[in-house]
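Below you'll find the structure, written out as structure tokens, and then a few comments.
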Amino acid sequence: MGGVTYSVVDGSSSTGLTIKGNTFEGAIDQIHNDNDIDSLILVQGGVESVNISDNTLEWKGSKLSDTHADLTGGTTSGGYVYKVYTQGIHLAGDVNGGGTTHGIALQNNVFNTDDVDPNYASDAVLLDANDYSSLNLGTLSSDVYIVDNGSVDLSTYVASADFGDYNIANDELGDIMSSGDYTGTVLFSMTDVM
């Protein structure tokens with residue numbers, strides 16, 4: 001599993017989650033099953049006011065062993081075939097569903113995908129808007145604030161060294177991606193919002 005997994009049922013009274021100032025390193029060759037948690041930070045379900053700040057998130061890879069033969073994998077929209085799909089930060093379920101204006105803040109994080117293996121696809125941030133109501137987690141629809149104090153806009157942040165190799169225009173690495181029918185908005189700020 002990744003560095004942090006925080007999961008609460010939708011409608012809970014959980015509030016004020018802060019994940020700040022950590023270094024999370026994931027080893028791609030340690031993912032062996034389709035059900036392994038493949039995100040370095042996973043927050044899902046009914047938690048309000050989430051602040052993920054000043055973290056370094058890094059996936060490192062080595063040659064995939066034969067034990068990965070059982071992984072289903074998939075194909076990206078551009079046709080890149082992968083066995084392992086990972087994320088830096090993964091938000092799913094009704095995160096900040098009834099919360100404050102700046103309820104989800106991803107601030108000044110550094111993403112690094114150097115040394116990854118072929119057969120690997122990764123997104124820095126995944127906004128997972130699939131419906132997880134059957135798991136009592138709800139559906140992500142809240143706005144997400146992306147903050148970088150050193151960038152004038154989101155494109156500059158994504159193109160900076162802070163986004164590591166995610167800024168290379170290729171099909172196996174993505175910056176801020178969404179799945180399902182994400183109806184929220186990704187907003188950018190140069191100053192901290194939480």
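The values are calculated or read from the model by the stated rules, or taken from the named source; none is laboratory data. Model, not experiment: these values are computed from the prediction. Because the Cβ atoms are built from the backbone with ideal geometry, glycine has one as well, and the counts that use them run over all protein chains shown. When the accessible area is computed, the model is the full protein with side chains, heavy atoms only, and any ligands, DNA or RNA have been set aside. Shrake-Rupley method; radii C 1.70, N 1.55, O 1.52, S 1.80 Å.
With respect to PHE163, is the statement that it is within 15 Å of LEU57 (Cα to Cα) and among the aromatic types (Phe, Trp, Tyr) true? So PHE163 fits the description; yes. Inside segment 29-52, residues that are more than 14 Å from LEU126 (Cβ to Cβ), touching a residue at least 60 places away in the same chain (Cβ under 8 Å) and touching a helix residue (DSSP H, G or I) at 6+ places or on another chain (Cβ under 9 Å) make up a count of 2. Within segment 106-124, being open to solvent by less than 10 Å² (accessible area, probe 1.4 Å) and either part of a loop (DSSP other than H, G, I, E, B) or modelled with pLDDT of 95 or more (or both) holds for LEU106, GLN107, ASN109, THR113. In segment 161-178, the residue that is farthest from GLN107 (Cα to Cα) out of those that are small (Gly, Ala, Ser) and modelled with pLDDT under 90 is ALA169. Just to be sure before I move on: is GLY99 closer than 20 Å to LYS20 by Cβ and touching a residue at least 60 places away in the same chain (Cβ under 8 Å) in the structure I sent? Yes: the conditions hold for GLY99. Please identify the pairs in which a residue from segment 134-163 that is within 18 Å of ALA124 (Cβ to Cβ) has its Cβ atom under 9 Å from the Cβ atom of a residue that is charged (D, E, K, R) and open to solvent by 60 Å² or more (accessible area, probe 1.4 Å), counting only partners at least 6 apart or on another chain. Qualifying pairs under 9 Å: VAL147/ASP192; ASN149/ASP192. Of all the residues in segment 25-64, those that are crowded, with 18+ Cβ neighbours inside 10 Å and among the charged types (D, E, K, R) number 3. Taking the criterion of being surrounded by 12 or more Cβ atoms within 10 Å (Cβ to Cβ) and more than 13 Å from GLN107 (Cβ to Cβ), the residues of segment 9-21 that qualify are VAL9, ASP10, GLY11, SER12, SER14, THR15, LEU17.
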